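The values are calculated or read from the model by the stated rules, or taken from the named source; none is laboratory data. No experiment lies behind these values; they were computed from the predicted model shown. Methodologically, a virtual Cβ is constructed for each residue, glycine included, from the backbone with ideal geometry; neighbour enumeration extends over all protein chains shown. Note: accessible area is taken over every heavy atom of the protein model, side chains too, but ligands, DNA and RNA are not part of it. Shrake-Rupley method; radii C 1.70, N 1.55, O 1.52, S 1.80 Å.
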Amino acid sequence: MKLAGFFSLTVLLISNAQAADVATIAGNGQKAYVAGEQTATETPVGEPYGIAKAPDGSLYICEIATHVVRRLDEKTGKLTLIAGNGTRGYSGDGGPATEAQLNEPYEVRFDAKGNVCFVEMKNHIVRRVDAQTGKISTVAGTGKDGFSGDDGPATKATLRSPHSIALDNKGQLYICDIGNHRIRVVDLASGVIRTFAGTGEKKPTPDGASFAGTPLNGPRALDFDGQSNLYLALREGNAVYRMDLAKQTLHHIGGTGRSGYSGDGGPATKAQLSGPKGIALSPAGDIYLADTESHTIRVIRKASGIIETVIGDGKRGDGPDADPLKCRTARPHGVYVDSAGTIYVGDSENHRVRRLMTR
């Protein structure tokens, strides 16, 4: 019976792999900055990290090597600049976002009004581009690293190397303050920041523990399920947790805590992860991971808790496009799944954005 079950699972994995194709939709393998509207596949995309779709269906891309956020219209295949002027720095608040200096924008999200929110790791801030005016402002952080400011204005608080952000349906902005081993939260209505989870300690996170008083070892990436759960990937902790916002408890759903690449076809809680740096939920509730140091995109199936690889073979490389399990990547950091179940990947050190689209 065990053999038959394993055989059925193997057939399922193979059929899933054969039912999809990978294609490069942005980037030519170089990381130089090019201004103006460009054809996406002919244009350098400088180390793409966070990616997300906007309310209008376009794809936004954070480029850390060129310090910009760009917009890809998949219908026209054109890239346009949204924020950043291509030079490293921290300037431009109150003016056009395309004239501002950024410093390594890591991840991008959209608030309820369609404003563009993104985190700049090296500036230790979160900024916002107004959807109507195109002007940029800082919503959290001072531009200096540290840990201060809880229960006060977010713009006077200090963060340390923030990596990821998520927004819930109640106007709360969550920040992976990874250098402080905490998740901070900003109430966008009041502008007040506080520590939401984490103690600052690099210790294991017990299953079922409450947010208060529980350590988080390298909280790297967050996604919100649209209801009452945040999903969290721990970079140093090599694990994935569900954060129940109603009960204020943490639930272990993936990774053993040890770094590695193993466990496909079995329970995700017994699999080894390798520095996961991106997380995204599918419409079906499956949890996709950019398992960065194994150069793969993996998924934890909601229905079964089984983990699979959907892109890559565990080895660094650059494609080729087509068969997803033969398409190698190079330290992918970004993953996003749209409402149709299409998977987008920031293939960071190949300087490409790839798409896995079911046939």
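Some notes on this structure:
- Taking the DSSP beta bridges with both ends in the chain, the antiparallel portion is around 95 percent.
- GNM result for the chain, Cα springs below 10 Å: residue of Asn169, Asn115, Asn229 fluctuating most strongly: Asn169
- Inter-label distance, Lys315 to Lys170: 4.9 nm, where each label sits 7 Å from its Cα along the C-beta direction.
- Annotation: for a label point projected 7 angstrom from Cα along Cα→Cβ of Lys202, residues of the range 223-250 with backbone N closer than 19 Å are 233-240.
- For the chain, modelled as a GNM whose springs connect Cα atoms under 10 angstrom apart, the maximal fluctuation among Gly285, Gly86, Gly29 occurs at Gly285.
- Net charge in the neighbourhood of Glu236 (other residues with Cβ under 15 Å of its Cβ; Lys, Arg +1, Asp, Glu -1) is +4.
- The range 225-329: mean projected area of Cα convex hull, nm²: 6.5
- Choice from Glu74, Glu47, Glu63 with maximal GNM fluctuation in the chain (Cα, 10 Å cutoff): Glu74
- Share of Cα-Cα pairs in the range 100-182 lying beyond 22 Å, as whole percent: 17
- Rolling a 1.4 angstrom probe over the protein heavy atoms with all chains in place gives the chain an accessible area of 40 Å² per residue.
- Candidate values (i) 21.1, 68; (ii) 21.3, 63; (iii) 19.3, 66 were compared with Rg and Dmax of the Cα atoms in Å computed on the shown model; the agreeing label is (iii).
- Which of Ala166, Thr142, Ile183, positive extreme of dipole for the range 135-188 (C-beta unit charges): Thr142
- Potential lengthening between Asp244 and Gln227 on full extension [0.36 nm per residue; Cα-Cα distance subtracted]: 5.1 nm
- R0 of 30 Å, Cβ-Cβ distance Ser210-Ala340: FRET efficiency to nearest 0.05: 0.25
- Point-charge dipole on Cβ atoms (K/R +1, D/E -1) for the chain, about Cα centre, debye to 20: 480
- Ligands, DNA and RNA left out, the 1.4 Å accessible surface of the chain is 50% carbon and sulfur atoms.
- Summing Cβ point charges (Lys, Arg +1; Asp, Glu -1) relative to the Cα centre of the range 246-359 gives a dipole of roughly 180 debye.
- Spatial separation of Cα centroids for the range 152-222 and the range 268-346, in angstrom: 24
- Per-residue surface analysis assigns Leu81 an accessible area of about 50 Å², computed on protein heavy atoms at 1.4 Å probe radius.
- Met357 accessible area, assembled protein chains, probe 1.4 Å, Å²: 90
- If R0 is 22 Å, the Cβ-Cβ spacing of Met357 and Glu37 corresponds to a FRET efficiency of close to 0.35.
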